[in-house]
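Enquirer: Shown below is the structure under consideration.
Every number in this text was worked out from the coordinates using simple rules, so none of it is lab data. Fair warning: this is a prediction, and the values are worked out from it, not measured in the lab. Virtual Cβ from ideal backbone geometry, glycine too; neighbours counted across all protein chains shown.
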Amino acid sequence: MTALARIRAIDRFVKGCKEDGIYDDLNACCVMAGWDNLAGALTPLKGTAPTNTGFLDADLDRGIGLKGNGSSKYLTSGLAYNAVGSNDEHVALYGSDIPSTGPNNLAGGGTYPSPSISSIRKISTLRYYECQVSAVTSVAGAFAAGFVGASRGSASSYEYRDASSSGTISSASSTRANVSNPYGVFCSNYSNLGITGPNDSTFAFYSIGSSLGSDPATGLAALDARVSALMADLRAIEETGFDRDAIAYLRAVEEADGAFLETSVKTAINNLVSGLKAEGLWESMKACCLLCGPRTLAGALVPLRGDAPTAYGFVDGDFDRLGLTGDGTSYLDSNRAANLTSDSDLHFACYLSTSISDNSSPMGLSSAANNASFLRFASTVYTWCNSPSGSAANASQVNNSGAAGFYGATRTTDLEFFCRNAGTAQTKTAGAGSLPSSNYYIFADNAASGIRQVSTSSISFYSIGAGLTGDSAGLAKLDSHVTAYVTAIGAAI
């Protein structure tokens, strides 16, 4: 059924391009998403198959396409630069992820710097569209995920279009160089310089050929609509059977990231959501973020459940796809008040992606009445779960080295609470206090006297909410699903 759905999606694309009068202009074209192996991705929809340099099957993600490495991996399209007309050209791509850093060429050919350049490239936050010109022309702003293209149908101007803007660039065409070097994809291939600027983007589609119909602007818009619909179809096929809450979260993360997530990452997220629901844990999780898996800090701060946290001090460099790392001053306000659950009905949990050695609190709060719900790492791991914190006697204590892994606590009665610390479970008899109206913090303890014990730990996940179960089983189940998720992300990226 999945293979048939892909075939139907590509069939709709081809028929649509023919209806729009642009199919014949796709002189060299590959749909690189939707395939199980590299051979399928490099089978041309139109024209000659590209020549592959460096790509392996492992570089292909069926849902989003082929990923470059910024150095040694690129394609040459098989379409020679002199095979298209003097003022009759288009170059188009669909980028599932186009990183904003680095001076890299997305596709192009010709001779550089003159007399004839046809190239789409990025330098920092500038987008360069050069469609048979002799001088560089830039557009402000970085590329976003989606369609990118340029088309020239006259000697005086050409059109560009991408996910964030479109327009006409008034620039006279240059004399087209009569060179037979093929256009590059993931790079430019200039006759005098060779391969330049290989990039680390992920491309799901490319097309090179003559100007798209009689009006390049209309043709680019039509190709954008057809390609974008095809890619949405192919991504949706990979999400067949996904939980609807998982899909809603995926869409929100992809919007924040400005890129599409890999199929394996999406599958890991769906498995986590589905597993939590199957175990009856989902509804108890009132504020939760996956701090590993998304591509950017902005994506990581999209909540899986509840309100988004507020970040204080964190910058993009503090995040990688395995977790967010503190510096001893930065922290997150979860925006989840403790007293939104009853005094004897709460849980909090986090996953440390690296071991912790400093005297700090990865998450929690302490009220003016000295009731506490937080983790603290010193020579011993201390856990209070709405219990008087004036004495260590009221805390669960586990002697360990602050190893990486799952940490959490839950309370469903006034008499005791349960903890789980890097695989070690413990039950603690301690009465419940009154929960304050202050918010839980992540990477710190939100104490009545002010923020304290700010952590340098790396955290991959946190959850806050109602009690999980009436015993320690809920924490063990949450640990199992979160650990499986973190492991899957490590394997996926």
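Enquirer: Using the alpha carbons of the range 60-141, what is the convex hull volume per residue in cubic angstrom, as a whole number? Provide the component values of the computation, followed by the final result.
Expert: Working: hull volume 9.4 nm³, N = 82.
Once divided by residue count, the hull of the range 60-141 is 115 Å³.
Enquirer: Something else: What length, rounded to one decimal in nm, is gained on full extension from residue 296 through to residue 193, with 0.36 nm per residue of separation minus their alpha-carbon distance? Intermediate values should be presented prior to the final figure.
Expert: Working: separation 103, 0.36 × 103 = 37.08 nm, distance 3.44 nm.
Gain on extension, residue 296 to residue 193, equals 33.6 nm.
Enquirer: Give the dimensionless ratio obtained when the Cα radius of gyration of the range 2-238 is divided by 2.2 N^0.38 Å.
Expert: Numbers: Rg = 15.9 Å, N = 237, 2.2 N^0.38 = 17.6 Å.
Cα Rg divided by the expected 2.2 N^0.38 Å: 0.91.
Enquirer: If you average the alpha carbon positions of the range 400-452 and of the range 469-486, how far apart do those two centres end up, in angstrom?
Expert: Going from one Cα centre to the other spans 15 Å.
Enquirer: Using bins 10 angstrom wide from zero, how does P(r) for the range 115-177 break down, in % of all Cα pairs?
Expert: 25, 55, 20, 1
Enquirer: Could I ask something else about it? I'd like the distance between the alpha-carbon centres of the range 284-334 and the range 126-148, rounded to an integer number of Å.
Expert: The range 284-334 and the range 126-148 have Cα centres separated by 32 Å.
Enquirer: Further, regarding this structure: Which peptide among 34-44, 451-461 comes first, and what is the full order, when sorted by highest mean count of other Cβ atoms within 10 Å? Don't skip to the answer; put the middle values down first.
Expert: Working: 34-44: 17.0, 451-461: 23.0.
Ranking the peptides 34-44, 451-461 by packing returns 451-461, 34-44.
Enquirer: Go through 362, 352, 180 and say which Cα lies farthest out towards the positive end of the charge dipole of the chain; charges sit on Cβ, +1 for Lys and Arg, -1 for Asp and Glu.
Expert: 180
Enquirer: Right, here's the next one. State the answer as a single residue: which of 406, 276, 118 lies farthest towards the positive end of the charge dipole of the chain, with beta carbon charges of +1 for Lys and Arg and -1 for Asp and Glu, about the Cα centre.
Expert: Result: 118, furthest along the dipole toward the positive end.
Enquirer: Using only the alpha-carbon atoms, how far is helix 263-278 inclined from the longest principal axis of the chain? Give it as 0 to 90 degrees, nearest 10.
Expert: The answer is roughly 30 degrees.
Enquirer: Would you mind checking 286/477; 73/266; 277/477; 18/46; 67/122 for any pair whose Cα atoms are more than 22 angstrom apart?
Expert: Beyond 22 Å: 73/266.
Enquirer: A follow-up question, please. What dipole magnitude, in Debye to the nearest 20, does the chain give about its Cα centre under +1 on Lys/Arg Cβ and -1 on Asp/Glu Cβ? Each step should come with its number before you reach the end.
Expert: Working: 32 positive and 43 negative charges, 59 e Å.
The calculation lands at about 280 debye.
Enquirer: Take each of the peptides 134-140, 118-124, 482-488, average the number of other beta-carbon atoms within 10 Å over its residues, and list them starting from the highest. The partial results should precede the final answer.
Expert: Values: 134-140: 14.1, 118-124: 21.9, 482-488: 19.1.
For the peptides 134-140, 118-124, 482-488, the packing ranking is 118-124, 482-488, 134-140.
Enquirer: Residues with beta-carbon under 15 Å from that of residue 415, excluding residue 415: net charge, scoring Lys, Arg +1 and Asp, Glu -1? Walk me through the numbers before you get to the answer.
Expert: Details: positive: 411, 428; negative: 343, 345, 414, 416, 471.
Surrounding charge for residue 415 is -3.
Enquirer: Could you work out [θ]222 nm for the chain from helices alone, using -39500 (n - 2.57) per DSSP H run of at least four and dividing by all its residues? Round to the nearest 500 deg cm²/dmol.
Expert: -6500 deg cm²/dmol
Enquirer: Treating the angle as unsigned and between 0 and 90°, give the value, to the nearest 10°, between the Cα long axis of helix 2-19 and the longest Cα principal axis of the chain.
Expert: 40
Enquirer: Related question: Label the range 259-341 by shape, choosing from rounded, prolate and oblate, from the square roots a ≥ b ≥ c of the eigenvalues of the Cα gyration tensor; if a/c is under 1.5 it is rounded, and otherwise prolate applies when a/b is larger than b/c, oblate when it is not. Provide the component values of the computation, followed by the final result.
Expert: Working: a/c = 2.50, a/b = 1.12, b/c = 2.24.
Since a/c reaches 1.5 but b/c is at least a/b, the shape of the range 259-341 is classed as oblate.
Enquirer: Here is a further query. Using only Cα atoms, locate the centre of the range 176-228 and the centre of the range 335-355, then give the distance between them in Å, rounded to an integer.
Expert: Cα centroid of the range 176-228 versus Cα centroid of the range 335-355: 51 Å apart.
Enquirer: Let me ask something else about it. Scale the Cα Rg of the chain by the rule-of-thumb value 2.2 N^0.38 Å and send over the ratio, two decimals.
Expert: Details: Rg = 26.9 Å, N = 493, 2.2 N^0.38 = 23.2 Å.
Rounded to two decimals, the normalised Rg is 1.16.
Enquirer: While we're looking at this one, here's another question. Return the Cα extents of the range 244-492 along principal axes one, two and three, sorted largest first, each rounded to a whole Å.
Expert: Rounded to whole Å, the extents work out to 48, 37, 32 Å.
Enquirer: Across 5 Å bins from the origin, how do the percents of Cα pairs in the range 1-104 run, short distances first?
Expert: P(r) over the range 1-104, rounded to whole percents: 2, 10, 18, 23, 20, 16, 8, 2, 0.
Enquirer: Diagonalise the Cα gyration tensor of the range 322-361 and give the resulting equivalent ellipsoid semi-axes, square root of 5 times each eigenvalue, largest first, whole Å.
Expert: On the way: eigenvalues 122, 32, 22 Å².
Semi-axes from the Cα gyration tensor: 25, 13, 10 Å.
Enquirer: Further question on the same structure: If you consider only alpha-carbon coordinates, what radius of gyration and Dmax does the range 111-238 have, in Å?
Expert: 14.6, 45
Enquirer: Which of the three applies to the range 159-224, rounded, prolate or oblate, going by the alpha-carbon gyration tensor with a ≥ b ≥ c and a/c under 1.5 meaning rounded? If you can, show how the numbers build up before the last one.
Expert: Working: a/c = 1.93, a/b = 1.27, b/c = 1.52.
Since a/c reaches 1.5 but b/c is at least a/b, the shape of the range 159-224 is classed as oblate.
Enquirer: Net charge around residue 311, counting only other residues with Cβ within less than 15 Å of its Cβ (Lys, Arg = +1; Asp, Glu = -1)? Show your work: numbers first, answer last.
Expert: Values: positive: 336; negative: 307, 316, 318, 327, 333.
Charge balance near residue 311 sits at -4.
Enquirer: Among 466-477, 148-159, what's the highest-first ranking by average C-beta atoms within 10 angstrom per residue? Provide the component values of the computation, followed by the final result.
Expert: Numbers: 466-477: 18.7, 148-159: 22.8.
Put in order of decreasing packing, that is 148-159, 466-477.
Enquirer: Follow-up. For the range 191-278, what size does the Cα cloud have along each of its three principal axes, sorted from largest down, in whole Å?
Expert: 58, 33, 21
Enquirer: Lys and Arg at +1, Asp and Glu at -1: add these up for the other residues within a Cβ distance under 14 Å of residue 300 and post the number. Spell out each step's value before the answer.
Expert: Details: positive: 295, 321; negative: 254, 255, 257, 316, 318, 320.
Local charge sum for residue 300: -4.
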